[in-house]
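Right, one structure below, let's go through it.
Read-outs: derived from the displayed coordinates by stated rules, not from any lab. Remember, predicted model here, so these are calculated numbers, not experimental data. Cβ coordinates were reconstructed from backbone atoms using ideal geometry, including for glycine residues, and neighbour counts include every protein chain displayed.
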Amino acid sequence: MPEPWVNVTPYLNKNKKVDGMVSNAVFGASSTAADVVRGRDLSGVVAIVTGGAAGIGIETVRALASVGADVMIAVRNRAAGEFAAATINTELGRAAVSTGLLDLADLVSVRAFASAWGERPLNLLINNAGIMAGPLARTADGFEMNIGINHLGHFLLFQLLRPNLELGAPARVIQLSSGAHLRWPFDFDDWNFLSQPYDPTAAYGRSKTATALAAVAISDRYESRGINSWSVMPGVIRTGLFKDMDEKAEADLMARVGSMQKTPQQGAATTVWAALAPELEGRGGLYLENCAIAGAPALSPPSGVGPHARDLGAAQRLWAISSEAVHG
C-alpha cells in the first residue's frame, strides 16, 4: 500500500483548507455519495460493507469502488450480493466488488466470515446492515433481533477483524446509527427484553444508541493503534429497512421526519464522508449527520446527538456486557 491513504493528495482534492484544517463546507444534507468521492483516488483501499447489496449500502459500495477501492459486500443473501457486485463491476469495467456470506443474526456465521477473510489488511469496516422495529424475534444465539443484528453481530465482527484493521491502519469503522436513538438511552437492566413488554420502537432506538456508543468505545480503546470509529445518521430513506414496520408506525415516523427524507444516494453520503474525511482524523467517537459533526439534540424533527449516545462511561459498560454476550 502507498502512503497512508487518508493523507494521499488526491484524497483532498475536493476539500478546502481553513486555518490548517480541511473543511467539508462543500457537502451537506443534499450531497450524494458520488459528490463526496468525486476527484479522489482510493486505489489500494480495502473495505467491507455489511448489507451492501441494496439501499444505502449498495450506494456506499458503488461510490467507494468508483474511485478505486476494492470492496467486499457482506450479506446473508449471497445471490443478492453477487448480483449487486456484478452490476457494479460491469458499470466500472473492473472486478472491484466481491461478496462474502455474513448473517449477523448468527454468531457462528460472523466467525466464519472473519475466518474466511483471513489475514488480509482492512482499511474500512462499514457496519451498514440493520433491521428496524419489527415484531419480537430472537437471533440464533437468543438475542432480541434489533440489538442482535444492529449491535452485537457487528460488535463481534469488529472484534474478530480488529487485527486486520490494525494491519490496514490508519483504519476506520463506521457505525450506522439513527435519530431514533434520541428518545431511547440504552437499557442496561433489560437490554434483551426478557422481563419488560416488547416495544419495537424502543428496541430499535436502543440498538441505535448502542451502535453510537460502540463507536465511542472503539475510538477510546484503539485510536492509539490506528483505528478510529464514528456513528452516522444517514437520514430517512425508504428502503427495505421499513419492511417490518406496521403502517401506522411508518406513517407516524414519516410525519415527524418531514424534510429529512433522502434518496439512497444522499443517504450514503454521510457514511462515505465519515469513511474518508481528513478533518475527522484523530477525532473519533463523534456522531455525524448531513456530512458534518452533529449538534445539540432536537426531537422535532429528530436531529443532533443525545448525550447518552456520547457517554464514555456508558460506552465502556456496554463494551463489557457485549463482550460477555458474544463470547459467553
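Net length available on complete extension from N77 to A292 is 74.1 nm, with 0.36 nm assigned per residue and the Cα-Cα distance removed.
By the beta-carbon count within 10 Å of each Cβ, the least crowded to most crowded order of Y204, Y198, fewest first, is Y198, Y204. Within region 49-147, the GluC sites (Glu not before Pro) that combine a DSSP coil assignment with at most 14 other C-beta atoms in a 10 angstrom radius are E119. The alpha carbon centroids of region 103-145 and region 265-328 are separated by 19 Å. On the basis of the beta-carbon distance and an R0 of 45 Å, L136 and R38 show a calculated FRET efficiency of 0.55. Length gained on full extension, S30 to R283, computed as 0.36 nm times the residue gap minus the Cα-Cα distance: 88.7 nm.
Taking 7 Å steps out from each Cα toward its Cβ at Q261 and E91 produces label points 2.3 nm apart. Among A214, A69, V232, whose Cα projects farthest towards the positive end of the dipole of region 5-327, with charges put on the beta-carbon of Lys, Arg (+1) and Asp, Glu (-1)? Farthest towards the positive end: A69. Going by the alpha-carbon gyration tensor, a ≥ b ≥ c the square roots of its eigenvalues, is region 10-169 rounded (a/c under 1.5) or, if a/c is not under 1.5, prolate (a/b greater than b/c) versus oblate? Because a/c hits 1.5 or more and a/b exceeds b/c, region 10-169 counts as prolate. When DSSP beta bridges are restricted to pairs lying wholly in the chain, around 25% turn out antiparallel. For the pair L101 and Y198 in one chain, pulling the backbone fully straight at 0.36 nm per residue adds 31.9 nm over the alpha carbon distance.
Measuring nothing but how far apart in sequence close Cα pairs (under 8 Å, 6+ apart) lie, relative to its length, the chain scores a relative contact order of 19 percent.
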